[in-house]
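Presented below is the structure to which this report refers.
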Amino acid sequence: LPLCLSCSALLAAEANPVAPIDPQDIQVRRQGDTWIVEAQFVAPVPPSVAWEVLTDFDNMVAILTNLSSSRVLSRQGQVLQVEQKGRARFGIFSFAFESLREITLTPRRRIQARGLAGNTRQFESDMVLSPRSGGTQFAYRVEMVPDFWLPSLLGPSLLQHELAEQFNAMAAEMEKRFAVR
């Protein structure tokens, strides 16, 4: 992106910091064993900065506090295998998670992930980035079948909480990186 666009986006970011993503803005529903989650949010950073943060898998532990490890195991062009481990916390509940995912990148536009191993029997996610005046819009969707018990009454709140926490942390990192440019 041209420098002048970056400068105007920086001024917009300073005037309007990322509003916290409310867990209630994250839609969660269950169809049989499958949990479907959808969310949209906007960050006042250009797609290049958003992309840099979203694909910084080897440094994701510094961005997301619920991760204990994150590393790229292999890369073939725009297809990566990423392993992550961590612990989700919600109130008095806590559980360890791990995943091995195949990530397919469409630079600065889309990140698709497919679970290969870990705490889910099935996992597919799609993150689409769209440039907007003064920022980037994100549309996220995940379909997963957990390999652990996720109670129907607590499950939506837990998923909303975890995703809002992750999106807010990533948005904060995007703003931080953008501010130093």
I'd like the FRET efficiency for Ser130 and Thr65, computed as 1/(1 + (r/R0)^6) with the beta carbon distance as r and R0 of 35 Å, rounded to 0.05. 0.80
Provide the packing ranking of 41-51, 129-139, i.e. peptides ordered by the mean count of other C-beta atoms within 10 Å per residue, highest first. 41-51, 129-139
Step through the residues of region 61-66 one at a time and calculate ³J(HN,Hα) from phi using the Karplus curve (6.51 cos²θ - 1.76 cosθ + 1.60, θ = phi - 60°), rounding each to whole Hz and writing x for Gly and Pro. 4, 6, 9, 9, 5, 7
Percent accessible area from carbon and sulfur atoms, the chain, protein chains only, probe 1.4 Å: 52 percent
In percent, what relative contact order does the chain have, based on Cα pairs under 8 Å that are 6 or more apart in sequence? 27 percent
Relative contact order of region 87-181: what whole-number percent is it, with Cα pairs under 8 angstrom and at least 6 residues apart? 18 percent
Helix 155-179 vs. the chain, principal-axis angle (Cα, 0 to 90°, nearest 10): 20 degrees
From the C-alpha gyration tensor of the chain, square roots of 5λ in Å: 28, 19, 15
Value of relative contact order over region 115-163, rounded to a whole percent, pairs C-alpha under 8 Å and six or more apart: 34 percent
Please report, in cubic angstrom per residue, the volume enclosed by the convex hull of the alpha-carbon atoms of region 98-181. 113 Å³
Environment charge at Leu54 (Cβ cut-off 10 Å; Lys +1, Arg +1, Asp -1, Glu -1): -2
Accessible area expressed per residue, region 43-119, with surrounding protein chains retained (probe 1.4 Å, Å²): 52 Å²
Between Asn119 and residues 5 or more places away or on another chain, the pairs with built amide H atoms under 5 Å apart involve Glu98
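The values are calculated or read from the model by the stated rules, or taken from the named source; none is laboratory data. As the structure is a prediction and not an experimental result, all values here were calculated from the model. Reconstructed Cβ throughout: ideal geometry from the backbone, glycine too, with neighbour counts over all protein chains shown. Surface areas here come from the heavy atoms of the whole protein model, side chains and all, with no ligands, DNA or RNA. Shrake-Rupley method; radii C 1.70, N 1.55, O 1.52, S 1.80 Å.
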